[in-house]
Amino acid sequence: MANLQEIPGLQALQYFESAARHLNFTTAAQELGTTQPAISARIQQLESRLGVPLFKRQHRGVVLTPDGARLMQAVQEGLGIIANVTEDILARQKKPVLTVATDFGFAAYWLMPRLGALRDFIPDLDVRIVTSQQAIDIRDGMVDVAIAFGEGNWPGCVAEKLLPEQVIPVCTQVFKETKGLDQMAAWADIPLIHLERPNPVRWLGWDDWYSSHHWPIHHQGHDVTFNNYPLVIQGAMAGQGVALGWVPLVQDLLQHGQLVRAYDEPLETERGYFIVLREDTRLAGYIKLFRDWIRGACGVGR
């Protein structure tokens, strides 16, 4: 890495870049709001420091030397990076950013397809989405709002249910027909796709499904387990088995035929997706607008 103390000052590089771009010291001075002698003096100081000429003086103006051309390219790239970062920092200060925490499945299969509608509803808002399969705790202040799955009890927070936990087995049409899933006996040996569950358990699993429907014991041997929900759904769409589909998340996939119901009767619990805010959150501004939008999108209060 170069010694930073050997790098010329920013003003000298700006003067050089303008003069090199215009190949005219007077025009560079006009652009930078200074004088031609000042530009010329800075260039001479820069050349003296580097020990090489950067411009070749000609009767009708100047041209870059090979070293000058190399330096111009490097300076333009460097100043461009600085300008872009500076612009981004200033833009983020001016434009509000709402940080939303949720799980992988909700982000991928419910929120992502509706980001366009959210932009239309709140055009000047940037949304930062933070995902985790673990329990979400927004009390540290790093997150503005959470869309969390559970029973509705988050200490230090207020929660409102948006969508119930409603689950249905899903797979591809080809898999359903090939495995004969219309026959109950087939369910004893079909490969199942599991979502790894935490302890304590926070959502339905295949053991819950089989016991609640009084189905025969499933013989494991071809099952597969993933630690995030998008992989579970990708496995089902790839024809690797039957997955439990949380209806709010797979509804679009069912409508487009990418997945089908492997069994028609859903199982519903008291759990679900909640919008969660800290108790001290002021329900105003962009947080209120986001809450209004997602309540409407989920049909809450209709």
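Maximal additional length on extending the D140-E177 stretch stands at 8.4 nm, based on 0.36 nm per residue less the C-alpha distance. Solvent-accessible surface of protein heavy atoms, probed at 1.4 angstrom with all chains present, puts T34, T102, T225 in the order T225, T34, T102, largest first. Annotation note: GluC sites (Glu not before Pro) in region 227-285 located in DSSP loop regions with a Cβ neighbour count of at most 13 within 10 Å are E279. Just the number, please: carbon plus sulfur as a percent of the accessible area of region 1-109, 1.4 Å probe, no ligands or DNA/RNA counted. After summing per-atom areas, the C and S share lands at 54 percent.
In percent, rounded to a whole number, the relative contact order of region 1-111 is 19, using alpha-carbon pairs under 8 Å and six or more apart. The orientation-averaged projected area of the convex hull spanned by the Cα atoms of region 98-214 comes to 9.8 nm². Less than 5 angstrom separates the built amide H of G245 from those of I168, V170, all sequence-distant by 5 or more or on a different chain. Between 0 and 90 degrees, the angle of helix 36-50 with respect to the longest Cα principal axis of the chain falls at about 80 degrees.
Sites listed here are trypsin sites (Lys or Arg not before Pro) in region 222-294 whose DSSP assignment is loop and whose Cβ has at most 13 other Cβ atoms within 10 Å: R282. Between K288 and D252, what's the calculated FRET efficiency when r is the beta-carbon distance and R0 is 35 Å? Round to 0.05. Efficiency computed from Cβ-Cβ geometry: 0.80.
Once C-alpha pairs closer than 8 Å and six or more residues apart are averaged by separation and normalised to the residue number of the chain, the relative contact order reads 21 percent. Relative to the longest principal axis of the Cα atoms of the chain, the long axis of helix 10-22 makes an angle of roughly 80 degrees. Along region 269-286 the Karplus relation, 6.51 cos²θ - 1.76 cosθ + 1.60 evaluated at θ = phi - 60°, assigns HN-Hα couplings of 10, 7, 6, x, 8, 10, 8, 10, 10, 5, 4, 8, 5, 7, 7, 8, x, 6 Hz to successive residues, with x for each Gly and Pro.
Restricting the calculation to alpha carbons of region 1-85 gives Rg and Dmax of 12.5, 40 angstrom. Summarising the amide proton neighbourhood of T225: residues at separation of 5 or more, or on other chains, whose placed amide H is nearer than 5 Å comprise H194. Rg and Dmax of region 165-302, based on Cα coordinates, read 17.5, 56 Å.
In the chain, how does Rg compare with the Kirkwood Rh, expressed as the Rg/Rh ratio over alpha carbon atoms? Display every interim value, and only then the final one.
On the way: Rg = 30.6 Å, Rh = 24.4 Å.
Rg/Rh: 1.25.
Sparsely packed loop sites in region 22-83 (the trypsin sites (Lys or Arg not before Pro) outside DSSP H, G, I, E and B with at most 13 other Cβ atoms within 10 Å) comprise R60. Helix 66-94 versus the longest principal axis of the chain: what angle, 0 to 90°, nearest 10, using Cα atoms? Relative to the chain, helix 66-94 is tipped by roughly 50 degrees.
Estimated at 0.36 nm per residue, the fully extended path between T35 and K56 surpasses their Cα-Cα distance by 5.5 nm. Considering only beta bridges that DSSP places wholly inside the chain, some 65 percent are antiparallel.
The values are calculated or read from the model by the stated rules, or taken from the named source; none is laboratory data. All values derive from a computational prediction rather than experimental measurement. Virtual Cβ from ideal backbone geometry, glycine too; neighbours counted across all protein chains shown. Surface accessibility is based on the protein's heavy atoms, side chains included, excluding ligands, DNA and RNA. Shrake-Rupley method; radii C 1.70, N 1.55, O 1.52, S 1.80 Å.
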